[in-house]
Amino acid sequence: MKHYESSLRTNSTVDQAHDAVTKLHNAVTQASSHPIGQMMDQAENSLEHAEEAVRHAPEGSVGKHGVELVQERLEEEKRRLSSLDGQVGESQD
């Protein structure tokens with residue numbers, strides 16, 4: 001019962017993209033708490049992985065189901081990360 005939601009998943013490319021964006025969200029959240037180079041690098045790496053996963057999401061979707069949502073989530077995380085980049089740049093000047 002611990003992972004009930006996972007039993008409903010198909011491990012499709014859309015599911016993988018959602019997972020990648022969730023990991024990006026976590027990395028951005030960590031970087032916002034600790035805006036140091038290493039955390040920012042991890043968030044940037046996570047962004048690259050999430051972008052790749054989202055690019056492949058339509059390949060395994062049924063009728064593009066869920067693709068738009070994962071694309072919207074990715075864009076939101078990109079905005080969050082971009083705002084951090086500006087803050088870190090200002091604090092390092």
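The values are calculated or read from the model by the stated rules, or taken from the named source; none is laboratory data. Just so you know, these numbers come straight off a predicted model, no measurement behind them. Glycine gets a Cβ as well: all are built from the backbone with ideal geometry, and neighbour counts include every protein chain shown. With ligands, DNA and RNA removed, areas are computed over all heavy atoms of the protein, side chains included. Shrake-Rupley method; radii C 1.70, N 1.55, O 1.52, S 1.80 Å.
When the test is whether a residue is modelled with pLDDT of 90 or more and either among the small types (Gly, Ala, Ser) or more than 10 Å from the chain's Cα centre (by Cα) (or both), SER61 does not pass it.
With the requirement that a residue be within 21 Å of SER83 (Cα to Cα) and either in contact with a Gly (Cβ under 9 Å, 6 or more places away or on another chain) or open to solvent by 80 Å² or more (accessible area, probe 1.4 Å) (or both), what does segment 43-65 give you? Result: ASN45, GLU48, HIS49.
Within segment 29-48, being aliphatic (A, V, I, L, M) and outside any helix (DSSP H, G or I) holds for one residue alone: ILE36.
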